[in-house]
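A short write-up of the structure that comes next.
The values are calculated or read from the model by the stated rules, or taken from the named source; none is laboratory data. These numbers come from a predicted model, not from an experiment. Glycine also receives a Cβ, built like all others from the backbone with ideal geometry; neighbour counts cover every protein chain displayed. Areas reflect the complete protein model, heavy atoms only, side chains present, ligands, DNA and RNA absent. Shrake-Rupley method; radii C 1.70, N 1.55, O 1.52, S 1.80 Å.
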Amino acid sequence: MGVRNIINITDLNVDELNNMLDLADDIMNNKAKYAKKCEGKILATLFFEPSTRTRLSFEAAMLELGGNVLGFSEAASSSTAKGESVSDTIRTVGCYSDIIVMRHPKEGAPLVASYRTTVPIINAGDGGHFHPTQTLTDLLTIRREKGHFDKLKVGLCGDLKFGRTVHSLISALLRYDDVEFVLISPTELKLPQYMKDKMDKEGAKWTECLTIEEAIADLDILYMTRVQKERFFNEEDYIRLKDFYILNKEKLELAREDLKIMHPLPRVNEISTEIDDDPRAVYFKQVLNGKYIRMALILTLLGIN
Ligand code: CP
């Protein structure tokens, strides 16, 4: 079999996805069994855009599997600053590592990178496009918290235009039965038409609304997102929209007791810290789940049992 890359969440079929979630659960429950699985292997993290969770969780994942890590956390500290192309950078790093994790501001950059090396490439976020490993994290969190995906009513709130985690999560959930989406966003940050077309093609039920209060009472999952400052062309628009949604105790009173509140993080103001200790807030559990699912992904792409 050829080298496997993860550029989009749909690069994994549903069986592979479910197997990976099972593997992550097993790693969580049997950490010692996996502690030496990647001895002698090197993971490279190439981050052309800032990150805390994705980069560090991949590095922690590889270290907990007994492997080693190398990489850079900003383009300015690599030869990109001297004008080197992504293609040449990837060919070079492929000589030093067994698997490469890459985040880049340009949509499609990880796909192009995958043509230039023979080691697996993992897309850690490409512009406003996709973020498949966040989606794996989200799916593991939903399955652990809810036990299933079918028939869930999922509210997606905030920057649905630029929020790549939302685009990847919808793509993944569309493959399960009868998942319903409620899109909560200001007009300027609505979900792109191509994603709505995708939902229509799959026969998914979706509605749009402007406020959290309109939607929250019926939801199983509320997935909050930050307004993506780095993707705005105009500072004034960002300032006008950045605090459009703030989930607080008052709004949460309208929700069911079994609601789960998720957020890919980082948050800015869109979730008040006053609800962090509410049992419905699972965004820091989500962070921890991210490490275990990335351990499962590394093992799967390297073909290690
Ligand atoms: N969720 C996420 O991608 O976080 P980072 O930007 O910190 O990696």
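List the chymotrypsin sites (Phe, Trp or Tyr not before Pro) in segment 84-171 that DSSP assigns to loop (not H, G, I, E or B) and whose Cβ has at most 12 other Cβ atoms within 10 Å. Which are they? Passing both the DSSP loop test and the Cβ count: 96, 115.
Normalised by the number of residues in the chain, the mean separation of alpha-carbon contacts (under 8 Å, six or more apart) gives a relative contact order of 20 percent. Over the C-alpha atoms of segment 124-192, the Rg to Rh ratio, Rh being the Kirkwood estimate, stands at 0.96. Of the residues 158, 94, 203, the one that moves most in a GNM of the chain with alpha-carbon contacts below 10 Å is 203. Between amide H atoms placed 1.01 Å from N, distances below 5 Å from residue 101 occur with 44, 45, 46, 122, all of them 5 or more places distant or on a separate chain.
Only helical runs count toward this figure. For the chain, summing -39,500 (n - 2.57) over DSSP H runs of n ≥ 4 and dividing by all residues gives -11000 deg cm²/dmol at 222 nm.
In angstrom, the C-alpha Rg and Dmax of segment 132-286 are 14.5, 42. Treating each Cα of segment 206-256 as one equal point scatterer and applying the Debye formula with no solvent, the log10 of I(q)/I(0) at q = 0.22, 0.27 Å⁻¹ comes out as -0.89, -1.09.
When the charge dipole of segment 132-286 is built from unit charges on Cβ atoms (+1 for Lys and Arg, -1 for Asp and Glu) and taken about the Cα centre, the candidate among 244, 142, 210 whose Cα reaches farthest toward its positive end is 142. For the chain, a crude dipole built from +1 on the beta carbon of Lys and Arg and -1 on the beta carbon of Asp and Glu, taken about the Cα centre, is about 960 debye to the nearest 20.
The distance separating the Cα centre of segment 153-187 from that of segment 101-129 comes to 22 Å. Dipole magnitude for segment 111-179: computed about the Cα centre from +1 point charges on Lys and Arg Cβ and -1 point charges on Asp and Glu Cβ, it is near 60 debye. Assuming 1.306 mPa s and 10 °C, estimate D for the chain with Stokes-Einstein, Rh taken as the Kirkwood radius over Cα pairs, in µm²/s. Diffusion coefficient, whole number: 80 µm²/s. In the chain, the longest principal axis of the Cα atoms and the axis of helix 164-173 are about 80 degrees apart.
Across segment 169-305, Cα pairs under 8 Å and at least six residues apart give a relative contact order of 21 percent. Expressed as a whole percent, the accessible area of the chain that falls on carbon and sulfur atoms is 49 (1.4 Å probe).
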